[in-house]
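Peer 1: Encoded as structure tokens, here's the structure I'll be asking about.
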Amino acid sequence: MISIISDLEAIAKLESGELEMQMEKFNLYNLVEDVFDLQEVRAKNRKVVLRYGKSMDKNTLVNADKQRIFQVLSNLVVNAIHYGFEGGHVTVSFYDMDKVILVQVRDTGVGISQSELPRIFERFYRVDKSRSREQGGTGLGLAIVKHIIEAHGQTINVNSSPGKGTSFTFTLEKAK
Ligand SMILES: Nc1ncnc2c1ncn2[C@@H]1O[C@H](COP(=O)(O)OP(=O)(O)O)[C@@H](O)[C@H]1O
Ligand SMILES: [Mg+2]
């Protein structure tokens, strides 16, 4: 209950543009390390391995609201663990796209059907109510994630193959 209320508060503020992003330059790789550290036990319990993409630049610097991007990454990684298959993995990768860094969170899990994909960023939308409820989310996570990325003037996309896995990609402003 408390988490639903605070999630709804966050969405209301993000929608009204009331929440200003606190932009700073930070090391994105270190932030992913922090997220992985915090989710390690959850991942172990679900027999999911958290890993970094190949040849990732450990010195990837971005300009963004560090706390809120931490929230974005945590939400995506937690979903990837919850909706991932046992024995599978969650991979976070970065791609240098000149002006922006493309961040990808990929899982090997149940996936999302083509018909559901357009709706998953809606508040309270959950694909499989019974299964999702077991995992105890509020259905607000992705709505918050999308709002935060858009408040940065950036974009988020999703691709999925049902039965194989899902990949979320978003952009962040590159810093030097
Ligand atoms: N990585 C994923 N793989 C499969 N389905 C997902 C994934 N992430 C999100 N979903 C689907 O999108 C719905 C909305 O996600 P979210 O807003 O985080 O809500 P919650 O996790 O609280 O249910 C989930 O209920 C789930 O059905
Ligand atoms: Mg969630």
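Peer 1: Rounded to the nearest Å, what's the spacing between the alpha carbon centres of segment 10-27 and segment 61-92? Just the number, please.
Peer 2: 18
Peer 1: From the phi of every residue in segment 81-88, what ³J(HN,Hα) in whole Hz does the Karplus formula 6.51 cos²θ - 1.76 cosθ + 1.60 yield, where θ is phi - 60° and glycine or proline is x?
Peer 2: Each residue's phi maps through the Karplus curve to give 6, 4, 9, x, 7, 4, x, x Hz.
Peer 1: Karplus couplings for segment 169-176 from phi (6.51 cos²θ - 1.76 cosθ + 1.60, θ = phi - 60°), rounded to Hz, Gly and Pro as x?
Peer 2: 10, 9, 9, 9, 5, 6, 10, 10
Peer 1: Given a cut-off of under 8 Å on Cα pairs at least six residues apart, what relative contact order in percent is computed for the chain?
Peer 2: So the answer I get is 26 percent.
Peer 1: Can you pull the three principal axis extents for the Cα set of segment 20-106, in Å, largest first?
Peer 2: Answer, in whole Å and largest first: 36, 29, 17 Å.
Peer 1: Would you kindly state how much longer the chain becomes between N45 and Q67 on full extension, computed as 0.36 nm times their sequence separation minus their alpha carbon distance, in nm to one decimal?
Peer 2: Roughly 5.3 nm would be gained on extension.
Peer 1: Full extension from Q22 to E9: what is 0.36 nm times the residue separation minus their Cα-Cα distance, to one decimal in nm?
Peer 2: 2.9 nm
Peer 1: Within the P(r) computed for the chain, what percentage of the Cα pairs occupies the region above 23 Å? Mind showing how you got there, number by number?
Peer 2: Numbers: 5882 of 15400 pairs.
When all Cα pairs of the chain are counted, 38 percent exceed 23 Å.
Throughout, read-outs are computed from the coordinates displayed, never taken from laboratory work. Remember, it's a predicted structure, so these values are computed and weren't measured experimentally.
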